[in-house]
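**Q** Once you've had a glance at the structure underneath, I'll fire off some questions.
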């Protein structure tokens, strides 16, 4: 029980004059009546239920006397027997208008506030509190000003708005509000009806200045209106949502009846089918829980919602993936070797690597798939080799073309929340394969690019890391998928554009290209039979000789692979097919002259060794993207000031090789019988023929040195000799790459002797013996070994003459190079 109402303040009179005490009715000592949960304001009539025995005794005695009591609010409402310290200092003197004895023993009084006071000295503690009081004046301006009028209008507007928003307040309050004319009583009336804490009401009571009290009251009213507006908005929204749910339920029930009549499946039947399919999946427990969560969300969602088809497609995609489904590997290594040899001639290193992988997998039965990268020029069979590997293993084959891909989402997928979201191409290819262990070709991995959409190469780091791809997470899939059983085979034409971190995760297998002999075998065994069949011919109709094939390779193609060769062979078979269709005579076996007749004049001129007696002409060996080739180096001396001129569109590396060779020759001039003064009296011009072709690389050092030594000494160079290697300023011969292609190019050009670095001996051992037959290989550690083989004692011309000038002029700097 409490000594005060909790909610409604009943207004008995709206006349403020009834609450003004008459003179002589302000006693110095007042009995103090504590009340809970309310604050009494002057002029306001308030019913109070009295339950405490001390309070009942107080009101009965006061009612029999002058009927005046001091009403003070408690600081806390839970004190049953409050002390004077538990009460606020400021209260309101009230007159008891009526006292009612209730049947339950409680007493209800109706009181009206008259004047505010402040508690002073406590004169009595038992049987109830009494104290001397100091009455507080009401500082409200008597004359109506613009400020007072504005304040009153604002308070009435706010109170009217609050009455409309709060249906619990009776409509009679609006009538009472309209009849109030006194600004002070309006403030007290609204403060009593304000639904705020007791402490805030007490603060209003303690404010002496009326305008300040009204302004503070207006702030509280506006806050209360905001809360009521939010409450009203929430109630309307909940009401609308309930109505929409009932409407949707009714429409769904009608739709279900119509679908049953038409024999169509509804959302429930679709979800039941998805649950039935999920029972047969071999997915991890975490994926099963995730899928069940998605189905539960679908069940709660309206089929008409925009998110429903997105979630349904996602659930179906989860089911379509081959979780835990693997094809059985074929461990017949003899059959695998036979298939690889049947489809591809040569490529022994690649075939051995595949056989090693299968052998280990056969013995261990569990091996993380390696990440192979087939690196080589176009047309050497990198992509088709992957298809052969899949056939040999008995695995599914999928190909992922990465050329031009610049969006990271192509690899890792889009997030499901985006419009038009799709899974990444890795997961999509797994779904297409229908097995979790396919052979996946990542074609043209070096052609990946990046922009503001992300870096696809960085996204591939997780895919191609055997230690991480067992927990690969696609953004669309949102759950981990095991890629460790997938055999990834990447292909690339260049390693320079591949990110170093990505290159580190792959095992690089170099496919440098095919030699003339290998191309001949590939054409005879694979390309020619294929073209004959594709053009409607048979093996009995036409054949081709080995010489004719080599004529096509030498004169009409210049490549590392065999794509152009296949096209040219296709042109030959088309010509034969035309003659057969027109019933014209055609040769049963194509010879070199038939090739020239059909394909026309030779497109490429094959460099052959040109034997001559000119000093300073040396044959070098070069590696190109289409195989090996020979390279002529010519040196010429003319009267001048020691200037070095280089021509032939050379790169920086070859320019440095020329300067290094000349510097070393000057340092060894005396040992070679060259007068050192000749270097200052003759200009040296080094030329590389075919100036339209760019040339660069660290393999022409010893050839340039030999050419310069020959022209300065005028000694003849051994005939049918070629060389490749780099030199240092200390005269050492350094090894170079591309030895296989260079040696075979030398053999085709008619070279009989080749000079290499001693460290290139291992490269010669890897070349089949029949390819180096009739070739004499000379190994050199120093430049002296090169000159000993290359230069003969026989002079080509008379030694250079030394010119004695009248005035010696400073020679041009040694390293001043002019390139024409």
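**Q** So residue 431 ticks every box in (1) assigned to a loop (DSSP other than H, G, I, E, B); (2) within 24 Å of the chain's Cα centre (by Cα); (3) under 19 Å from residue 472 (Cα atoms) but one. Which box is left unticked?
**A** So the condition that residue 431 fails would be (1).
**Q** Please go through the stretch 119-165 and give me each residue that is under 17 Å from residue 209 (Cα atoms) and in a loop (DSSP other than H, G, I, E, B), ordered by number.
**A** Correct list: 136, 137, 138, 140, 141, 142, 143, 144, 145.
**Q** In the stretch 189-212, how many residues are farther than 18 Å from residue 157 by Cβ and over 58 Å from the mean Cα position of the chain (by Cα)?
**A** Final tally of qualifying residues: 13.
**Q** Still on this structure, please answer the following. Strands (runs of 3 or more DSSP E) wholly in the stretch 695-794 with at least 2 residues that are within 24 Å of residue 661 (Cα to Cα) and touching a residue at least 40 places away in the same chain (Cβ under 8 Å) - which ones?
**A** Fully inside the stretch 695-794 and qualifying: 715-717, 721-723, 753-757.
**Q** Kindly establish whether residue 350 is under 17 Å from residue 443 (Cβ atoms) and in a helix (DSSP H, G or I).
**A** Judged against the criteria, residue 350 is a match.
**Q** Now, a different point. May I ask you to verify whether residue 385 is at pLDDT 80 or above and buried (at least 21 other Cβ atoms within 10 Å of the Cβ)?
**A** Here the answer is yes, as residue 385 does meet what is asked.
**Q** Can you name the residue in the stretch 52-73 that is without any contact (Cβ under 8 Å) to a residue 60 or more places away in the chain and in a strand (DSSP E or B) and, of all such residues, is farthest from residue 199 (Cα to Cα)?
**A** Applying the filter and picking the extreme gives 68.
**Q** Looking only at the stretch 407-415, decide whether some residue is buried (at least 19 other Cβ atoms within 10 Å of the Cβ), in contact with a helix residue (DSSP H, G or I) (Cβ under 9 Å, 6 or more places away or on another chain) and not in a helix (DSSP H, G or I).
**A** Yes, because at least one residue in the stretch 407-415 is buried (at least 19 other Cβ atoms within 10 Å of the Cβ), in contact with a helix residue (DSSP H, G or I) (Cβ under 9 Å, 6 or more places away or on another chain) and not in a helix (DSSP H, G or I).
**Q** Here is a further query. Which condition from (1) under 18 Å from residue 494 (Cα atoms); (2) under 15 Å from the mean Cα position of the chain (by Cα) is the one that residue 445 breaks?
**A** (2)
**Q** Condition (residue is assigned to a loop (DSSP other than H, G, I, E, B), free of Cβ contacts under 8 Å to residues at least 60 places away in the same chain, within 16 Å of residue 599 (Cβ to Cβ) and touching a strand residue (DSSP E or B) at 6+ places or on another chain (Cβ under 7 Å)) applied to the stretch 548-563: is it met by at least one residue?
**A** no
**Q** Pick out, from the stretch 257-333, the helices (runs of 4 or more DSSP H) lying fully within it that include 3 or more residues that are at pLDDT 85 or above and either closer than 29 Å to residue 487 by Cα or in contact with a helix residue (DSSP H, G or I) (Cβ under 6 Å, 6 or more places away or on another chain) (or both).
**A** Those helices (runs of 4 or more DSSP H) span 285-300, 307-320.
**Q** Check residue 434 against each of (1) farther than 28 Å from residue 347 by Cβ; (2) surrounded by 16 or more Cβ atoms within 10 Å (Cβ to Cβ); (3) touching a residue at least 40 places away in the same chain (Cβ under 8 Å) and name the one condition it does not meet.
**A** All conditions pass for residue 434, except number (2).
**Q** Here is a follow-up. Any chance you could count how many residues in the stretch 738-761 are modelled with pLDDT of 90 or more and out of contact with any strand residue (DSSP E or B) (no Cβ under 7 Å at 6 or more places or on another chain)?
**A** Number satisfying all stated conditions: 2.
**Q** Quick one: which of 420, 424, 454 is surrounded by 16 or more Cβ atoms within 10 Å (Cβ to Cβ) and at positive phi?
**A** The conditions single out 454.
**Q** For the stretch 102-118, does any single residue satisfy the condition of being in contact (Cβ under 8 Å) with a residue 60 or more places away in the chain, under 19 Å from residue 199 (Cβ atoms) and in a loop (DSSP other than H, G, I, E, B)?
**A** No, that holds for no residue.
**Q** From the list 47, 42, which residue is touching a residue at least 24 places away in the same chain (Cβ under 8 Å), within 22 Å of residue 133 (Cα to Cα) and more than 60 Å from the chain's Cα centre (by Cα)?
**A** 42
The values are calculated or read from the model by the stated rules, or taken from the named source; none is laboratory data. The model shown is predicted, which means the values in this text are computed figures rather than measured ones. Positions of Cβ are backbone-derived with ideal geometry, glycine not excepted, and every protein chain shown enters the neighbour counts.
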